[in-house]
Structures are given as C-alpha cells and as structure tokens.
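Derivation of every value follows stated rules applied to the coordinates shown; laboratory data play no part. This is a predicted model, so every value here is computed, not measured. Cβ placement follows ideal geometry from the backbone for every residue including glycine, while neighbour counts extend to all protein chains displayed.
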Amino acid sequence: MPSVVTDVPTGEAQLAKAVARRVSRRLLPFLTLSFLICYIDRVNLGFAALQMNAAVGIDAKTYGLGAGILYLGYFFLEVPSNLALERFGARKWISRIMISWGIVSMACALIQGPVSFLILRFLLGATEAGFFPGVVLYLTYWYPAEYRARIVGLLSLALPVAGLIGSPVSGAILSGTDGLATVSGWQWLFILEGAPAVALGLFGLVFLTDKPDNAKWLPEHERQWLKRALAIEHARVQRVAPMPLWRILTNKHVLVMALAYAGAGGAAVVLTLWMPQLVKSFGFGSVKNGLLTSIPFGIAAVCMYLWARNSDRTGERVWHNIIPLIALAAAIFTFYFAADRFWLTLVLLTVTAIGSYAGKGPFWALSSEWLGPKVAAAGLAQINALGTVAAFFFSYLIGWIQAETHSFALAIMPIAIVAVLGAIGVAVAGRGQSTRREIAADAAARIN
C-alpha cells in the first residue's frame, strides 16, 4: 500500500504499513467482490427493463416507482441494521445481508406484473439495507483514520466497475439466454446475477473476522499494535457523553452529508437504472448497449481511485467532496443542450459518472471524521438512509417527468439542483476545516 501522511516515527510508520497491507490482503478482496456483486444486482434492473417492462406491462411511471422503492426499504432498516451489526458481529450480519438479498434478487425472475415488481423491489432494499454503511463501519474496526478514504475508495471502485463489467455481461445474458429452457432473457439475468450473492454470503460466514481481537491471521505484535493504535484514536473522543439517538439523527453534519450523498446518489440512479434505456433510444441493441454504457463507468473507476488517493495524500477532505458534486451538476445541466447528439450525451454521462463516484472515498472518510467513533454506527447509517431515500424520490420523479414531458434532460434536472445544494452545505459546514488534522481538531472542540 502506498505511504500516507503520518507523524509517527519511521519504525512505527513501517509497522503501520505492514499491518495495513496484511489487513487489506485479507479483507479487501472479499469485501470488494461483495460490493461488485451488490452493484451488479443494481445495474441489472436497467437492462432487465429492456425486455421486462413490455413483457409484464410496466410503464415508465411504474418503473420509476419500482426502481426507487428499493430505497424505502433502505431508509426504514438502514440504522437498525448497523446497530444489529454492532450487536451480532460483522461476520454474521454482513453474511446474512448478502444471502437474503441474493435470494430476493433471484426471486425477481418471478415478476408477473406491476404489483409483484413493486413488492420484490421493496424486499430487495429491505434485505440489502445496512450493507454499505455496515462495511464502512466494519472498516473503522481495522484501519486508522489516515487510511480510510483510500480504503473506502478502493471498495467503492466496485460501483463503477459493476457498471463496467455488469453492463456488457448483462447485455450479453439478455440477448444470449432469451428463450433458453422457455425462460426469458430478463429472468435469466436475475437468476444468474443473484446467485453469487448467496454463495459469497455463505463463504463469508467462515471467512470474515469480527475485530482484531479475533484475528488469528495477524501476527501477535501486529494485532497488538493495531488494537493500541485504534484505542488511542478512539480515546480522543471518549470524553464526550453518549449522545442520544435523536441527536445523532438530527446532527447538522449528518444532515449536510446526507444532502451531498443525495446529489451523488441521484446521479447514480440515472447511470444504473435509466442509462440503458437512454442509449437504447439512439437505436443500439442489447450487446452494443452494454458495451457503450460501460464506458462512463470505466473512466469513473480510474478517476475514483486517483481522487481518493489524492485526498489521503494531502489530508484534504472538504474540497474533495465539493468538486465532484459541482462537476456532475454541470454535466446534468448541460444535458438540456445535448438534444439527439449521442456522443455528446455519452461525454456528459461520463462526467456525471466521474462526479457521482469520484467523491465516494473522501465522502465516507469526511463523514466518519466529522462524527467520530462514538456516533459512527448510527450516524453513517443515517447518512446512507437519508441519501438513499432521496434516490427513491429521484427514481419516481424521473419516471413521472419523462412520462409527462418526454424529456430526459428535464427529468434529471432536480438531481443537479440537489448536488449544488449539497456542495454548498459541505462548504459551509467544512469552512476552515479542509485538512484531516483541522477536522479532527474541530471535532475535539465540539465534543468537549
């Protein structure tokens, strides 16, 4: 792992790097693959809709509602899920989430019409609730703060990579399996892309380790160093009295970051759930559609890693959140002038993807640094819950506006507005706190 900003002596810094490398080799492949499968299960609805909507009678408004109703399940169960993770342990809870969402994802092959579509999409969100913030919380058990933006950035690479890989794979499954064993291509899509989540969840039950205390795969001196380093870090905020849950959920930093997350999440809704239909409107078939829609995700993946790495290298968090939000808002506003020019549309989709995904690592690092370990479990989950419930409204709003105006550019305009508001909120809340040290100092002052 590349070096990070550190003030510890050379020997201590080398030990820190050695521990981070060993932890990363153990946990990151599993967690990254889990994220990849999770977001492929998000991307595939956009491709399934190319056949499914006509086959079972789902119109644009119903599709928008069903695409977004998943986030209602998130909203109601996100915070309880993170609290359950702390109670039952990450190994059992993360694995449980994966197994249950995989089963529901496969069951989407049984959709018969609008009602079953809405029910299964809600259940998918309910079973998947807590996965992302749960893993972010899990990482705080294993990495000191100076590593987290890069680690979350590496994990979050699964989002654009899911589009990069999932788009062409989904397009190929859709066209290559249609009619196989009298089952439609969109049904095979749900079955074949839902099964890996179940398999990986079962594997996680025996593979994951809850905390460093249980990490027999770490040498004793490295395990003790990691426990000591995390204990020292947590001790910085231990003087604060436990904060009531209602205060956590209404904390200004939670609400500001939720607004920023809503803007980035709204752009992700456009990319994962509506982009295949937008590309299809230019006359491209399933296979070409999959290849073309993978381009924005591939470029965003590279930018995402470099942006998170730069945030950790410089220690800067605030502007690493603001700039991506402004970029995606500018791209969405420009859609209005793209009209029927496909290649300009593809460029704007690429900038939207970069803006949506590049800030993921710095975003969760800034959120955890602003909140501190005492309130991270509920706070991170609430940020994700509020941000994702906004995706519900965006999904339905896009479908409704498009159905009424037949204009995709107008349909996505509210996302740009929210992204700008989120950027302003982060700028105001982070005024004078651009670097990690300044953020930590401000957090200490607020809790004393």
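Here is how the numbers come out for the structure above:
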item	result
The chain: calculated mean residue ellipticity at 222 nm from DSSP helix runs of at least 4, using -39500 (n - 2.57)	-27000 deg cm²/dmol
Segments 203-216, 263-276 sorted - mean Cβ within 10 Å per residue, highest first	263-276, 203-216
Crossing angle, helix 252-269 versus the chain [Cα axis fit, 0-90 degrees, rounded to tens]	30 degrees
Charge dipole magnitude, Cβ of K and R +1, D and E -1 - the chain, Cα centre, debye nearest 20	1020 debye
Pair residue 195, residue 228: separation of 7 Å Cα→Cβ label points (nm)	5.0 nm
Equivalent ellipsoid dimensions for the range 24-123 as semi-axes, Å, which come from the Cα gyration tensor, largest first	29, 16, 11
Estimated distance in nm for a label pair at residue 336 and residue 405, the labels positioned 7 Å out from Cα along Cα-to-Cβ	0.8 nm
Folded to 0 to 90 degrees: helix 185-207 orientation relative to the chain principal axis, Cα	20 degrees
Where only alpha carbons of the chain are counted, the Rg and the Dmax (Å)	21.3, 66
Helix 376-405 vs. the chain, principal-axis angle (Cα, 0 to 90°, nearest 10)	20 degrees
Peptides ranked, highest mean first, by Cβ atoms within 10 Å: ranges 34-40, 379-385	379-385, 34-40
Dipole of the chain [Lys/Arg +1, Asp/Glu -1 at C-beta], most positive-end residue of 418, 19, 133	19
Cubic angstrom per residue, convex hull over Cα atoms of the range 136-191	81 Å³
Efficiency of FRET between residue 313 and residue 217 - r from beta-carbon atoms, R0 25 angstrom, step 0.05	0.30
Cβ-defined net charge surrounding residue 102, 12 Å radius [Lys, Arg +1; Asp, Glu -1]	-2
Two-site label geometry, residue 21 and residue 116: point separation in nm, points 7 Å out along Cα→Cβ	5.3 nm
Residue-span extension gain [residue 59 to residue 33] - 0.36 nm each, minus C-alpha spacing	6.0 nm
By average C-beta atoms within 10 angstrom, highest first, the peptides 169-177, 44-52, 420-428, 351-359	351-359, 44-52, 169-177, 420-428
Lysine pair number, Cα distance threshold 23 Å (strictly under), the range 10-447, separation 8 or more or different chains	17
The chain: relative contact order as a whole-number percent, Cα under 8 Å and 6+ apart	26 percent
